[in-house]
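Inspection log for the structure reproduced underneath, given as structure tokens.
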Amino acid sequence: MKSWRYVFKLDPDREMDERSLDAVWMSGMDAIMVEGSSGVTYEKLEQALQFHYSK
């Protein structure tokens, strides 16, 4: 099993512009941790990552 060196924390409740999220996506991260303080739903997660599926 590969050791993780870079994990990105994604909070679907926080707005992140496409350019910033794309930079994180292309940074070579090993994993994405999805969490938030409140109100995290599948729909919000899907919206946060939506544009990557359409590229």
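FYI, it's all coordinate maths here, none of it is from the lab. None of these values were measured; they are calculated from a predicted model. Quick reminder, even Gly has a Cβ in these numbers, built from the backbone with ideal geometry, and neighbours come from all protein chains shown.
Structure above, values below:
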item	result
Among residues of segment 1-12, those that are exposed (fewer than 10 other Cβ atoms within 10 Å of the Cβ) and hydroxyl-bearing (Ser, Thr, Tyr), counted	1
Residues of segment 13-28 satisfying the condition of being assigned to a helix (DSSP H, G or I) and either among the aliphatic types (A, V, I, L, M) or surrounded by 13 or more Cβ atoms within 10 Å (Cβ to Cβ) (or both)	LEU21, ASP22, ALA23, VAL24, TRP25
Segment 29-47 - residue that is in a loop (DSSP other than H, G, I, E, B) and not small (Gly, Ala, Ser) and, of those, nearest to ASP13 (Cα to Cα)	VAL40
